[in-house]
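Okay, structure first, notes after.
The values are calculated or read from the model by the stated rules, or taken from the named source; none is laboratory data. Keep in mind it's a predicted model, so treat the numbers as computed, not measured. Quick reminder, even Gly has a Cβ in these numbers, built from the backbone with ideal geometry, and neighbours come from all protein chains shown. With ligands, DNA and RNA removed, areas are computed over all heavy atoms of the protein, side chains included. Shrake-Rupley method; radii C 1.70, N 1.55, O 1.52, S 1.80 Å.
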Amino acid sequence: MMMASPDIAPAPYGALPSARQLAWHQLETYAFIHFSPNTFTDKEWGYGDEDPAIFNPTDFDANQIVESIRAGGLKGIILVCKHHDGLCLWPTQTTDHNISRSPWRNGKGDLVREISDACRRHGMKFGVYLSPWDRNNAHYGKPEYVDIYRKQLTELLTHYGPIFEVWHDGANGGDGFYGGARESRQIDRRSYYGWPETWNLVRKLQPNAVIFSDVGPDIRWVGNESGFAAETSWATYDPVGEDGTLAAPGFTRYAEGETGHRNGTHWLPAECDVSIRPGWFWHAAEDDKVRSVENLKDLYYKSVGRGGSFLLNVPPDRRGRVHDQDVASLRGFGNWLKSAFAQDLARGAKVSASDTRGATFAASRSTDGKADTYFATPDGVTTATLTLDFGHPVTLDTIRIREAIVLGQRIDTFKISADGDEVASGTSVGSCRLVKFAKPITTARLTVQFTASAPITISELGVFRTESPN
Ligand code: FUL
């Protein structure tokens, strides 16, 4: 085997992330806001015959909503601009069924404007959810509706500044109001919406936005609404339709989203969506069922810690504010997130590798705190160990490993030893793998052994004590 010149990076392996996907990977956590007529009717899915007048928050405060979410360490917000009930929460030209018919702000309200402006004021990214299923629209099920959907998307993508993510739901229950028809309408999920054309439109209007759906094209649904990816979860994926043919939003073997596919031909990382409450919308009866800080931490490990993102829904109440209970959990989680990973114990350790590609890719690149440098093995070398020598016993509870994903997902397995004893092992790594020990361990030396399908790249081997002793 010829040795590559020491300063030449390893050749890329398999499917690779795009620039917009790489930027998205850095976000890791962001929020959903579900707020619509359902908040006022106590439903999860509105039928589409709701009077827009019922959407009337009594004390709406976009700053309070955005600040509460920001305190949770979340870096962006995806606003449900229209849910399945069809009420457009901005003054759209495409239908009368919109917020201008609500008494809120005397018919001059624009929820999308207020939330997007507040996001910018607070340094948060802003994204949009626009339900493809529309139980209000008379044209739903006909070609005209697809044009309407694209016009609505165009309004959202041209009037509210940069959009970081566009969210296309796969749900479609059939029956609805449909302009008074009150009937069930079936569509062919594979062909009706003309997704490729819609996604071209998104690309044209917001080239930096990632597009989410059950099948991507940028971000995949993890296949559950419980906020976790499988322990082995690959960023690569080839979505397959329910019947084994072409996949489409709402028509996939979605359970496969939890794991992805090793060596899949698309880079399609998982987004793990979940609500901070049992429902997606606020219900008074769920005020005492808000997720605890401990539960949010656990989900963070099972989403971000498995190479995905954590999309946490925070539904405002009828005032148009985030309830105290949710605020408390968000703050607790955000405070933990800020301190848990603030001090990387690997930074003070002596790091060595079983083999190295040369100075540019030395073992120390994995502990330099820089995202764009990495340790790599020479061509032909697909097993290696990295060893951290702390010089004295240190106590830790979490290890964070990141591959240089710009070159693809390469690692197949890893094994972690503390002072020579195996303490953990796993498979997929990708953009971020968190290994949490049930109890803190104390060790002077940590070794991680990797096997891969191509020369190994490690941009970070981090060591943390995320729980303070008490
Ligand atoms: C689902 C919808 O049916 C839920 O109401 C919610 O919006 C969730 C995020 O996606 O498919």
SASA check, His261, accessible area w/ 1.4 Å probe, all protein chains in place, rounded to nearest 10 Å², comes out at 50
Tail fraction, Cα-Cα pairs, the chain, threshold 34 Å, whole percent:
37
For the stretch 128-257, just say rounded, prolate or oblate: build the C-alpha gyration tensor, square-root its eigenvalues into a ≥ b ≥ c, call rounded for a/c under 1.5, and beyond that prolate if a/b exceeds b/c, oblate if not.
oblate
Carbon + sulfur, % of accessible area of the stretch 223-266 - ligands and nucleic acids excluded, 1.4 Å:
54
With every protein chain kept in place and ligands, DNA and RNA left out, what is the accessible area per residue of the stretch 68-107? Probe 1.4 Å, answer in Å².
32
Cβ-based charge dipole, the stretch 345-464, positive-most Cα from Thr385, Ser431, Ala452:
Ser431
To the nearest 10 square angstrom, how much accessible area does Arg465 have with a 1.4 angstrom probe?
80
Evaluate the charge dipole of the chain about its Cα centre and quote only its size in Debye, nearest 20, assuming +1 on the Cβ of each Lys and Arg and -1 on the Cβ of each Asp and Glu.
980
Tyr374, Tyr13, ranked by accessible area, largest first (probe 1.4 Å)
Tyr13, Tyr374
Restricting to Cα pairs under 8 Å and 6 or more apart, the percent relative contact order of the stretch 345-464 works out to 37
Let me check I've understood the local charge: for Thr41, count other residues with C-beta under 14 angstrom from its C-beta, Lys and Arg +1, Asp and Glu -1. What total comes out?
-4
Here, the stretch 44-89 modelled as identical Cα point scatterers in vacuum has Debye log10 I(q)/I(0) at q = 0.20 Å⁻¹ of -0.83
For Lys350, which lysines qualify as cross-link partners when the Cα separation must be under 18 Å and same-chain residues fewer than eight apart are set aside?
Lys370
With x for Gly and Pro, the residue-by-residue ³J(HN,Hα) of the stretch 280-296, computed from phi through the Karplus equation 6.51 cos²θ - 1.76 cosθ + 1.60 at θ = phi - 60° and given in whole Hz, is 7, 9, 6, 9, 3, 5, 10, 4, 9, 10, 6, 4, 7, 4, 4, 5, 5
Residue-wise, which Karplus ³J(HN,Hα) couplings in Hz belong to the stretch 71-86, taking 6.51 cos²θ - 1.76 cosθ + 1.60, θ = phi - 60°, and x for glycine or proline?
5, x, x, 7, 9, x, 9, 9, 8, 6, 8, 8, 9, 4, 5, x
Rounded to the nearest 10 Å², what accessible area does Thr395 show when all protein chains are kept and the probe is 1.4 Å?
40
Can you work out the accessible area per residue across the stretch 180-234, with the rest of the protein chains kept in place, probe 1.4 Å, in square angstrom?
44
Classify the stretch 216-366 as rounded, prolate or oblate from the Cα gyration tensor: take a ≥ b ≥ c as the square roots of its eigenvalues, call it rounded if a/c is under 1.5, otherwise prolate when a/b beats b/c and oblate if not.
oblate
How much net charge surrounds Glu165 when only other residues with a Cβ under 10 Å from its Cβ are counted (Lys, Arg +1; Asp, Glu -1)?
0
Å² of accessible area per residue within the stretch 345-464, as computed with a 1.4 Å probe and no ligands counted:
36
Does the stretch 272-344 come out rounded, prolate or oblate, given a ≥ b ≥ c as the square roots of the eigenvalues of its C-alpha gyration tensor, rounded meaning a/c under 1.5 and, failing that, prolate meaning a/b above b/c?
prolate
Using modelled amide H (1.01 Å from N, peptide plane; none on Pro or chain starts), what sits under 5 Å from the amide H of Ile78, excluding residues fewer than 5 places away?
Ala31, Phe32, Ile33, Gly127
The stretch 144-159 - phi-based ³J(HN,Hα) in whole Hz, Karplus 6.51/-1.76/1.60, Gly and Pro as x
3, 5, 4, 5, 4, 4, 5, 5, 4, 4, 4, 4, 5, 8, 10, 10
Express in whole angstrom the spacing between the alpha-carbon centres of the stretch 446-470 and the stretch 324-384.
7
Just from its helices, what would the mean residue ellipticity at 222 nm be for the chain, if runs of 4 or more DSSP H residues each count -39500 (n - 2.57) and the sum is divided by every residue, rounded to the nearest 500 deg cm²/dmol?
-6000 deg cm²/dmol
10 Å binning of all Cα-Cα separations within the stretch 345-464, expressed as whole percents from 0 upward:
15, 52, 30, 3
Ignoring any ligand, DNA or RNA, what whole percent of the accessible area of the stretch 345-464 comes from carbon and sulfur when the probe is 1.4 angstrom?
48
Of the listed pairs Lys43/Lys289; Lys297/Lys439; Lys43/Lys125; Lys108/Lys204; Lys75/Lys151; Lys125/Lys204, which have alpha-carbon separations greater than 22 Å here?
Lys43/Lys125; Lys108/Lys204; Lys75/Lys151
Note, Thr447: beta-carbon cut-off 15 Å, +1 each Lys/Arg, -1 each Asp/Glu, net -2
Using amide H atoms built in the peptide plane, which far-off residues or other-chain residues are under 5 Å from Val423 H to H?
Ile416, Ser417, Ala418
